[in-house]
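As structure tokens, the structure follows; a few thoughts come after it.
The values are calculated or read from the model by the stated rules, or taken from the named source; none is laboratory data. The structure presented is a predicted model; accordingly, all values stated were derived computationally and were not measured. FYI the Cβ positions are ideal-geometry reconstructions off the backbone, even for glycines, and counts take in every protein chain you see. With ligands, DNA and RNA removed, areas are computed over all heavy atoms of the protein, side chains included. Shrake-Rupley method; radii C 1.70, N 1.55, O 1.52, S 1.80 Å.
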Amino acid sequence: MTAIVQTPAEVDFNALTARFRKLYGAAPDGLWAAPGRVNLIGEHTDYNGGFVLPIALAQHTAVAVRRREDDLVRVASTSMNHDEPITVSLGEVTPGGDYGWASYLVGVGWAARRRGLDVTGIDLALDSNVPVGAGLSSSAAISCGTARAWSDLSGWALDQETVADLGRDAENEIAGAPTGLMDQLASVCGRPAHAMQIDTHAVTIKQIPFDLPAAGLSLLVIDSHTQHTHAGGEYAERRHSCQEAALQLGVHELREVPVADLATTLDKLPPLLRRRARHVITDSARVEEVAALLTSGDDPRRIGSLLNASHASMRDDFEITAPSVDALQEAAVAAGAYGARMTGGGFGGSVIALVDRERSETVAQACVAAAAAGGFATPSVFEGVASGGAARVR
Ligand code: ADP
Ligand code: MG
């Protein structure tokens, strides 16, 4: 029987270079790669000033780029099978414009120009092995890879945080996706064998040791291949509820509410807002607990119960899971995972599970069986390995 845990096929840099030549009739100036990410814990905390704890994945987007002297941006995505590049004039890019998937790339140039940088056009070809729309930030991988490349080629000498900012601005303002900064920071600042504890209020990053293979462990990423069609509207509704809860509690951001004596504090809120706020405040506190455990050098298996608690909080209080991901989470734990939770914005997407390496295949099989029993799509499973952030590769 073929294994269920499968490593996604590598991005072929030589093929991408050849594709660039074919599209644009010249060699690229260079190749850059930027990863997708999984968030270990701390969901929907990033727009509340709370903590998150993502890792950058080994799966990445590679961009082959050549600088142009004019204002044109031409982009093509091998993984989307586009035969012709999309051409956009940078001067015409504006919020509310419709550039399709190219928004994430032309938006970077738009954001750079808004910052007063000297921006000329680029030719770009990309390929990616980050699953799209699976809660693994394929969007940040394409925007941040492009931002790193554009900066390096233009001599802007931007630091990591500014590269992430350009990616976020592209997503928020040109692609119209209201994300926090977590995805982009993770894609830019990832480090092998580390997770990033990001304080989204202060915008500071602490690198936390996360070497699972050294502990005989593996982090399974289980893509449910399901996504709620109204996910965008639900996301906006949750943001609104959090703002309303903060207002009623008299704080700027929910992150200011201490986790001690939480029940009494939240008594002031109506039941729905109470549950929404409780998720955000407790999940941010769980990030601090997980980071402290990992930093102490304790057995990483001990974070498992916190992963499970986070899933329960997303399911019962924040109500952002989905029947398919609940089934996968339960199946993983029943098959011996130390902990499992949905990761990403929710309403579908992926589940992560912390398992002993030798149990990976057993847990993955249990997930596939549970999906079949529930009548859900067959999930795909790969091992999530904490890897490096956006960088030039050629
Ligand atoms: P996620 O970031 O969780 O994968 P998003 O909805 O934020 O999901 O981003 C997915 C979108 O990003 C796609 O619909 C597409 O517009 C763009 N995208 C991601 N990867 C690629 C790719 N390899 N080629 C072209 N567009 C891509
Ligand atoms: Mg995204």
task: Give the range 70-92 a look and list any residue that's open to solvent by less than 60 Å² (accessible area, probe 1.4 Å), outside any strand (DSSP E or B) and among the hydrophobic types (A, V, I, L, M, F, W, C), or say none.
output: Leu90
- request: Scan the range 370-389 for residues that are within 16 Å of Pro8 (Cα to Cα) and among the aliphatic types (A, V, I, L, M) and report the count.
  value: 3
- prompt: Restricting attention to the range 125-138, does a residue exist that is within 12 Å of ligand 1 (Cβ to nearest atom), open to solvent by 10 Å² or more (accessible area, probe 1.4 Å) and part of a strand (DSSP E or B)?
  reply: yes
- prompt: Of the residues Val221, Val188, which is open to solvent by less than 10 Å² (accessible area, probe 1.4 Å) and in contact with a Phe, Trp or Tyr (Cβ under 9 Å, 6 or more places away or on another chain)?
  reply: Val221
- line: A careful count of residues in the range 145-191 that are among the hydrophobic types (A, V, I, L, M, F, W, C), away from ligand 2 (no atom under 11 Å from the Cβ) and in a loop (DSSP other than H, G, I, E, B) gives 4
- request: Sort through Val63, Val73, Val88 and tell me the only one that's within 16 Å of ligand 1 (Cβ to nearest atom), closer than 22 Å to Leu185 by Cα and of a type in the set (A, V, I, L, M, F, W, C).
  value: Val63
statement: Of (1) in a helix (DSSP H, G or I); (2) open to solvent by less than 30 Å² (accessible area, probe 1.4 Å); (3) more than 16 Å from ligand 2 (Cβ to nearest atom); (4) in contact with a Ser or Thr (Cβ under 9 Å, 6 or more places away or on another chain), Trp110 satisfies every one except (2)
Close pairs (8 angstrom Cβ cut-off, 6 or more residues apart or separate chains): among the polar types (S, T, N, Q) in the range 252-268, surrounded by 14 or more Cβ atoms within 10 Å (Cβ to Cβ) anywhere: Thr265/Leu249; Thr265/Val257
query: How many residues are buried (at least 20 other Cβ atoms within 10 Å of the Cβ) and modelled with pLDDT of 95 or more when one looks only at the range 334-346?
result: 7
Residue check, Thr120 of a type in the set (Ser, Thr, Tyr), assigned to a loop (DSSP other than H, G, I, E, B) and either modelled with pLDDT of 95 or more or open to solvent by 30 Å² or more (accessible area, probe 1.4 Å) (or both): yes
task: Say whether the condition of being out of contact with any helix residue (DSSP H, G or I) (no Cβ under 9 Å at 6 or more places or on another chain) and surrounded by fewer than 23 Cβ atoms within 10 Å (Cβ to Cβ) is met by at least one residue in the range 383-394.
output: yes
